[in-house]
Amino acid sequence: MTLRKFAGLGALLSIVMPSLAMAADEVAAPVLNSGDTAWMLTATALVLFMTIPGLALFYGGMVRSKNILSVMMQCFAITGLISILWVVYGYSIAFDTTGMEQGVVNFNSFFGGMGKAFLAGVTPASITGPAALFPEAVFITFQMTFAIITPALIVGAFAERMKFSAMLIFMAIWFTLVYAPIAHMVWSGNGGLMWDWGVLDFAGGTVVHINAGVAGLVACIVLGKRKGFPTTPMAPHNLGYTLMGAAMLWIGWFGFNAGSAAAANGTAGMAMLVTQIATAAAALGWMFAEWITHGKPSALGIASGVVAGLVAVTPAAGTVGPMGALVIGLVAGVVCFFCATSLKRKLGYDDSLDAFGVHGIGGIVGAILTGVFAAPALGGFGTVTDIAAQVWIQCKGVGFTVIYTAIVTYVILKVLDMVMGLRVTEEEEAVGLDLAQHNERGYNL
């Protein structure tokens, strides 16, 4: 009788155990989270909204009326170009981790593999995220929007004087050799050069803004000044467009920063709050600095201050607290004001729409101050225990990005200038790029 009981128990276990194992597998399998997915879909749309129409209007209003279409056309063309390059090889360069090992510096510390080229293996069932909770297709598109806006920001530095054909080729090469590798070094994970250094860049202060700002500075120097600069008045032709564009950037930036949490969670909520605080502080900081210096506050000034605050809080958004964001915003607003006005005049470079003065300088300020205010001792939510050590790491990341971007951008531009020329003729510049490059006018009265 006892033997029969054991035999029966064995038979029962042989039936139950496989079922339990299958149930465990089902529990362990990653399950898509609809809330996270909905938020990431929304954030992706918000970031694309930053470039078209946000940046297109922001830049378009600041140029002369004869060049408004050229700037908007460049933003739209870059959106199309980078979207295709991203799916062909950009996503793979930035996020393929083949050959990477934490603490080991090799080729793949700088440049991702080609395992994801042409989005190989990506299906509707592919999911990703901090806990594999939303579709990989959404992550790909989200990161694509970052790749789109970064080269589009550079347009502001050389506005009104670069050939459209040269611009397209430059952006394609720059995206390949500068943007995608820097994104890989900072964001790809263990084995990435700056990731292993411990550089904090939550949403792109280094990858997007320092990268674009430095490239813009190099580009405006290589191309030379606009004809008549600085003696000929070149006032913005429609500051209403610029203010609308700045408002769209402000709204879209919530997707940029809060979306970088890659989940609908507390980190996203705090990123949204500190983004608002820093932006408001920078807008006021720029406005009052201009008011004191020039006697009157300007609409262009407060719009520029808004963008400076958005830029500066970007690397810190996931780790800084509200009071840290307030300081970052105020410092960025004041520093960017003086760099976009006094410093530019003193050094004499023609950064048409202050891409370097706002994005380059704002990104540097934000990246360095992230090392300070990410510390819990100063109200942050990071893991920084040694502020001096983290600031050094941040400075090292800033320095590497500045040097790498400047050198590679300079080489690309000089080679293109020798091969096809970068700049429109004096006659075309005088007529305006709308007619000279696109045979259209922004305004037909």
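Filtering the range 239-278 to residues that are open to solvent by 10 Å² or more (accessible area, probe 1.4 Å), farther than 18 Å from Asp36 by Cα and among the polar types (S, T, N, Q) leaves only Gln276.
Pairing residues of the range 401-415 that are farther than 19 Å from His209 by Cβ and in contact (Cβ under 8 Å) with a residue 12 or more places away in the chain with residues that are surrounded by fewer than 19 Cβ atoms within 10 Å (Cβ to Cβ) and among the charged types (D, E, K, R), at Cβ distances under 8 Å and at least 6 apart in sequence or on separate chains, gives no pairs at all. Name the residue that is farthest from the chain's Cα centre (by Cα), counting only residues in the range 140-159 that are open to solvent by less than 40 Å² (accessible area, probe 1.4 Å) and of a type outside the set (A, V, I, L, M). If we take residues in the range 140-159 being open to solvent by less than 40 Å² (accessible area, probe 1.4 Å) and of a type outside the set (A, V, I, L, M), then Phe158 is farthest from the chain's Cα centre (by Cα). Could you list, in sequence order, all residues of the range 360-379 that are open to solvent by 10 Å² or more (accessible area, probe 1.4 Å) and either in contact with a helix residue (DSSP H, G or I) (Cβ under 7 Å, 6 or more places away or on another chain) or assigned to a loop (DSSP other than H, G, I, E, B) (or both)? Residues satisfying the conditions are Ile361, Ile364, Val365, Ile368, Leu369, Val372, Phe373, Leu378, Gly379. Residues that are modelled with pLDDT of 95 or more, part of a loop (DSSP other than H, G, I, E, B) and crowded, with 20+ Cβ neighbours inside 10 Å do occur in the range 42-63, at least one of them.
One residue stands out in the range 380-414 among those that are among the aliphatic types (A, V, I, L, M) and farther than 19 Å from Thr150 by Cβ: the one that is surrounded by the most Cβ atoms within 10 Å (Cβ to Cβ), namely Val384.
Number of residues in the range 312-345 that are open to solvent by 10 Å² or more (accessible area, probe 1.4 Å), at pLDDT 95 or above and farther than 22 Å from Thr150 by Cβ: the value is 8. When Thr385 is tested against (1) out of contact with any Phe, Trp or Tyr (no Cβ under 9 Å at 6 or more places or on another chain); (2) without any contact (Cβ under 8 Å) to a residue 40 or more places away in the chain; (3) not in a loop (DSSP other than H, G, I, E, B), exactly one condition is not met: (3).
The values are calculated or read from the model by the stated rules, or taken from the named source; none is laboratory data. These numbers were taken from a predicted model, which means no experiment stands behind them. Every residue, glycine as well, gets a Cβ built from its backbone with ideal geometry; the counts of neighbours run over all protein chains shown. Just so you know, the surface numbers come from the protein's heavy atoms only, side chains and all, with ligands and any DNA or RNA stripped out. Shrake-Rupley method; radii C 1.70, N 1.55, O 1.52, S 1.80 Å.
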